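Engineer: The structure's right below; bear with me while I get my questions together.
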Amino acid sequence: MTITKLNNIDLREWQKEAFNKWLKHNHSGIVSVVTGGGKTVFGLYCALYLIHKKLIDHVFIVVPTKTLQDQWASTIITLFDLKESDLNYNWIFLKQINIIVSLSAQKLNFLRISLKDQ
């Protein structure tokens, strides 16, 4: 499986602006957008761009929960018309797209929330 079609993704206006800024800043930046604002699609677009330009071969998406892993997988499968078997969900195998649940990410998220409440 190789995903190479950037034109499968229709970016919103803010995503187009953010993508251009991301390009200008050497593929680096932080995106802060409300829930449902399109961060996942934007992240996938950036990753796909890097694959398309042959700057990377694999994408690792690290999430703190199984629920987020499932959400990312669903979006990727729908957006790129893939099968679930096209994705990797653990550290043992390597595929073009890897969605990993990390306990460290859970701990970081917990600490961030705990510090926010203080």
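The values are calculated or read from the model by the stated rules, or taken from the named source; none is laboratory data. This structure is a prediction, so every number in the text was calculated from the model and none was measured. FYI the Cβ positions are ideal-geometry reconstructions off the backbone, even for glycines, and counts take in every protein chain you see.
Engineer: Looking at (1) touching a residue at least 60 places away in the same chain (Cβ under 8 Å); (2) under 13 Å from Ile99 (Cβ atoms); (3) among the aliphatic types (A, V, I, L, M), can you tell me which one Ala47 breaks?
Structural biologist: Result: Ala47 fails condition (1) only.
Engineer: Inside the stretch 33-67, can you point out the residues that are crowded, with 19+ Cβ neighbours inside 10 Å and of a type in the set (Ser, Thr, Tyr)?
Structural biologist: Tyr45
Engineer: Here is a further query. With respect to Ser85, determine if the residue is more than 16 Å from the chain's Cα centre (by Cα) and part of a helix (DSSP H, G or I).
Structural biologist: Numbers: more than 16 Å from the chain's Cα centre (by Cα): yes; part of a helix (DSSP H, G or I): yes.
So Ser85 passes the test.
Engineer: I'd like to check something: does the stretch 8-29 contain any residue that is surrounded by 13 or more Cβ atoms within 10 Å (Cβ to Cβ), aliphatic (A, V, I, L, M), over 29 Å from Leu103 (Cα atoms) and touching a residue at least 40 places away in the same chain (Cβ under 8 Å)?
Structural biologist: yes
Engineer: Taking the options Ser102, Ser85, name whichever one is modelled with pLDDT of 90 or more and not assigned by TED's automatic domain parsing to the domain that holds Val41.
Structural biologist: Ser85
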